[in-house]
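The values are calculated or read from the model by the stated rules, or taken from the named source; none is laboratory data. No experiment lies behind these values; they were computed from the predicted model shown. Heads up, the Cβs are rebuilt from the backbone with ideal geometry, glycines too, and the neighbour counts pull from every protein chain shown. These accessible areas exclude ligands, DNA and RNA; they are computed on the full protein's heavy atoms, side chains included. Shrake-Rupley method; radii C 1.70, N 1.55, O 1.52, S 1.80 Å.
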Amino acid sequence: MSTAEADNEGLTGHARVAADAAARGLDVEIFPRPAASSLAEAAALIGVDPSDIVKSLVVKRSDGTFLFALVPGGRSISWPKLRSLVGVNKLQMPPPDVALSATGYERGTITPLGSTTPWPVFVDSTIPGRRVALGAGEHGFSMFVEADALIAALAATVADISVLE
């Protein structure tokens, strides 16, 4: 168990995210936000462009391990690109209960920060250089973070892994 994992034991939701970010020396701004029914509505509610909202997607490999794919709003995973980068023939989005078990977070709240297991992180090449919004570990909360600092804190791989929706 890593120091960050030990420090986060017993914490839930956005408290776990905040504790992991602090352990990594990463500055995040966690804030409550109302529910939204679309990407455009969510962006308007928090005052950002839809592409500044980053989806943290948990992806399952055929060997039962997982990875995180961070993709901006308005884009989706390019499965051929991600499979090629990871060096596998098959990847899939797991069912909600499997994603929860793999990360400790429900869909719609998933973030690599504070995940119950520190899976590898792959960030789409359109994300660096921006301040972005992500889920913050529980419904009703989001966070702002500088993408470059997040990438460094997570030792993430940056690559072209998305396509326009």
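Rolling a 1.4 Å sphere over the protein heavy atoms, what is the accessible area per residue of the stretch 42-165, to the nearest Å²?
42 Å²
Once you have the Cα-Cα distance between Ala159 and Glu29, take 0.36 nm times their residue separation minus that, and quote the gain in nm to one decimal.
This chain segment gains 44.3 nm when fully extended.
Using +1 at the C-beta of Lys and Arg and -1 at the C-beta of Asp and Glu, which of Thr116, Ser38, Pro80 has the Cα lying farthest in the positive direction of the dipole of the chain?
Pro80
Assigning unit charges at the beta carbon (Lys, Arg +1; Asp, Glu -1) and nothing else, what dipole magnitude in debye, to the nearest 20, does the stretch 6-52 show about its Cα centre?
120 debye
Which shape class applies to the chain: rounded if a/c is under 1.5, otherwise prolate when a/b exceeds b/c and oblate if not, where a ≥ b ≥ c are the square roots of the Cα gyration tensor eigenvalues?
rounded
Search the structure for amide H atoms under 5 Å from the amide H of Val158, placed 1.01 Å from N in the peptide plane, and list their residues when 5 or more places away or on another chain.
It is Val123, by chain and number.
Check the straight Cα-Cα distances from Lys90 and name the aspartates and glutamates below 20 Å, setting aside those fewer than 8 residues away within the same chain.
By straight Cα distance, Lys90 reaches Asp63, Asp124, Asp160.
Just how large is the dipole of the stretch 28-85 about the Cα centre, in debye to the nearest 20, putting +1 at every Lys and Arg Cβ and -1 at every Asp and Glu Cβ?
With Lys and Arg at +1 and Asp and Glu at -1, about 360 debye.
Shape verdict for the stretch 55-152, please, from the Cα gyration tensor: rounded (a/c under 1.5), prolate (a/b greater than b/c) or oblate.
Judged from the Cα gyration tensor, the stretch 55-152 comes out oblate (a/c at least 1.5, b/c at or above a/b).
So what's the gap between the Cα centers of the stretch 35-113 and the stretch 141-162, to the nearest angstrom?
Here the answer is 12 Å between Cα centres.
Hey, what do the phi angles of the stretch 113-126 turn into as Karplus ³J(HN,Hα) couplings, whole Hz, using 6.51/-1.76/1.60 and θ = phi - 60°, x for Gly and Pro?
With coefficients 6.51, -1.76 and 1.60, one gets 5, x, 4, 5, 10, x, 5, x, 10, 10, 10, 4, 5, 7 Hz.
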